[in-house]
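Here is the structure we will look at.
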Amino acid sequence: MAIVTSKEMFEKAYNGGYAIGAFNVNNMEIIQGITEAAMAQHAPLILQVSKGARSYAKHVYLMKLIEAAVEDAEQSAGFDLPICIHLDHGDSFELCKSCIDGGFTSVMIDKSGESFEENIRVTRQVVEYAHDHGVVVEAELGTLAGVEDEVNVKAEDSSYTRPEDVQEFVERTGCDSLAIAIGTSHGAFKFTAAQCTRDANGKLVPPPLRFDILEEVSRRLPGFPIVLHGSSSVPQEFVDIVNRYGGKMPDAVGIPEEQLRKAAAMSVCKINIDSDLRLALTACIRQHFAEHPEHFDPRQYLKPGREAIKAMVEHKLVHVLGCNGKA
Ligand code: G3H
Ligand code: 13P
Ligand code: ZN
């Protein structure tokens, strides 16, 4: 059975010093680009669905498309592609329950914006229901800067995870993995220019991740899988294409790949990527229309977009996450 929870994936990733890529999906081309990359690299995969993706595409469409990807891998490559289907940033027990009842194998309950006690209370409620149904749960402590789903979290409101809280939180909730805040941030504009320095070419260099916090969390939670949200690298070649062909993304900046590699070699078992997929697709479409203004068939511009996503995901699986060949 290729639709699995992340339990075994995380155990192997933790012991092997690599991480699993968790990619957000919204439509068929994105799902195909990611799963074709995972097939080519024999990599285990987490496909995650936000509340927004669920209302854009509908739960049943995304489920069936993911099931189709698994079937395609089996038929076309004879490969049992392990995929975990995960709810990203679930904001209520009811949403988590609906995804569990609808076939997801993993859910995130994100009450990181609430008090410590309220976060524990709701997370515990989700864990009880999920575990009764064979589903695993990711929770979050600490607040990322940037945009979390529909909620705007201002950069100055970001608060790093307090390592002294993590043991009690994990023990009292029974969660299976924990997202922590060590300086990553959602979206394609992760840091303001004022938070960065500039390199010789004038490109922004973001402040380094707080590896001291990650180390302390890992020391307090030995063997426990840690998750990083907001981990797109915002490749400058795509930003440049967007800006060259009529877009406007000045000073878009992401997390440097070498820092994500370092985190993957530590206790980080799941690395979330969404913005880079959007960026690759948008850059391709902008370039396509600039070069072929007469085109109006969606297949003509979605196909190169899907190929760009596949190439980018393959690069991440091999050079950032290190999970190629691990399926
Ligand atoms: O962390 C948030 C994800 O990137 C989901 O974004 O709500 O626009 O689907 P979305
Ligand atoms: P990015 O915006 O950096 O891709 O982060 C995605 C994410 O954390 C989804 O939950
Ligand atoms: Zn996130």
- Note on the structure: With a ≥ b ≥ c from the Cα gyration tensor eigenvalues, square-rooted, and the rule rounded for a/c under 1.5, otherwise prolate when a/b > b/c and oblate otherwise, the range 1-137 is prolate
- Message: Please list 3J(HN,Hα) in residue order for the range 38-44, calculated via the Karplus relation 6.51 cos²θ - 1.76 cosθ + 1.60 where θ = phi - 60°; whole Hz, with x for glycine and proline.
- Response: 5, 5, 4, 9, 6, 10, x
- Message: Using amide H atoms built in the peptide plane, which far-off residues or other-chain residues are under 5 Å from Ile3 H to H?
- Response: Ile83
- the range 1-127: relative contact order as a whole-number percent, Cα under 8 Å and 6+ apart: 26 percent
- Message: Pick from Glu257, Glu138, Glu294 the residue whose mean-square fluctuation is largest in a GNM of the chain, springs joining Cα atoms under 10 Å.
- Response: Glu294
- Solvent-accessible surface ranking, highest first, for Tyr129, Tyr160 at 1.4 angstrom: Tyr160, Tyr129
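May I ask what percent, to the nearest 5, of DSSP beta bridges between residues of the chain are antiparallel?
Working: 6 of 38 bridges.
Taking every DSSP beta bridge with both residues in the chain, the antiparallel ones total about 15 percent.
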- Could you size up the charge dipole of the chain around its Cα centre, putting +1 on the beta carbon of Lys and Arg and -1 on that of Asp and Glu, and report it in debye to the nearest 20? 560 debye
- Message: For the chain, what does the helix formula give at 222 nm: sum of -39500 (n - 2.57) over DSSP H segments with n ≥ 4, over the residue count, nearest 500 deg cm²/dmol?
- Response: -14500 deg cm²/dmol
- Task: Please report the relative contact order for the chain, taking Cα pairs under 8 Å with a sequence separation of at least 6, and give it as a percent rounded to a whole number.
- Result: 22 percent
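Apply the a/c threshold of 1.5 to the C-alpha gyration tensor of the chain and tell me whether it is rounded, prolate or oblate.
Values: a/c = 1.59, a/b = 1.18, b/c = 1.35.
Taking the square roots of the gyration eigenvalues as a ≥ b ≥ c, the chain is oblate.
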- Does the range 44-200 classify as rounded, prolate or oblate by the C-alpha gyration tensor (a ≥ b ≥ c root eigenvalues; a/c under 1.5 gives rounded; else a/b over b/c gives prolate, otherwise oblate)? oblate
- Task: Report, ordered by chain and residue number, the lysines lying within cross-link reach of Lys203, taken as a straight Cα distance under 25 Å and ignoring same-chain residues fewer than 8 apart.
- Result: Lys154, Lys190, Lys248, Lys262, Lys316
- Amide H contacts of Phe79 (H built 1.01 Å from N, under 5 Å, at least 5 apart or other chain): Glu74
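Once you keep just the Cα pairs under 8 angstrom separated by 6 or more residues, what percentage relative contact order results for the range 161-313? Walk me through the intermediate numbers first.
Values: 208 pairs, mean separation 37.5, N = 153.
Relative contact order comes out at 25 percent.
Using a cut-off of 11 Å between beta-carbons, work out the net charge of the residues near Val242 (Lys and Arg +1, Asp and Glu -1, Val242 not included).
Numbers: positive: Arg244, Lys248, Arg278, Arg286; negative: Glu237, Asp240.
Its environment carries a net charge of +2.
Using a 1.4 Å probe and counting only protein heavy atoms, arrange Arg198, Arg286, Arg219 so the residue with the most accessible area comes first.
Numbers: Arg198 125, Arg286 90, Arg219 155 Å².
Result of the area sort, largest leading: Arg219, Arg198, Arg286.
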- Message: Can you find, among Ser92, Ala327, Ala194, the residue sitting farthest towards the positive end of the charge dipole of the chain, where Lys and Arg contribute +1 and Asp and Glu -1 at Cβ?
- Response: Ala194
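The values are calculated or read from the model by the stated rules, or taken from the named source; none is laboratory data. No experiment lies behind these values; they were computed from the predicted model shown. Positions of Cβ are backbone-derived with ideal geometry, glycine not excepted, and every protein chain shown enters the neighbour counts. Side chains included, ligands, DNA and RNA excluded: accessible areas come from the protein's heavy atoms. Shrake-Rupley method; radii C 1.70, N 1.55, O 1.52, S 1.80 Å.
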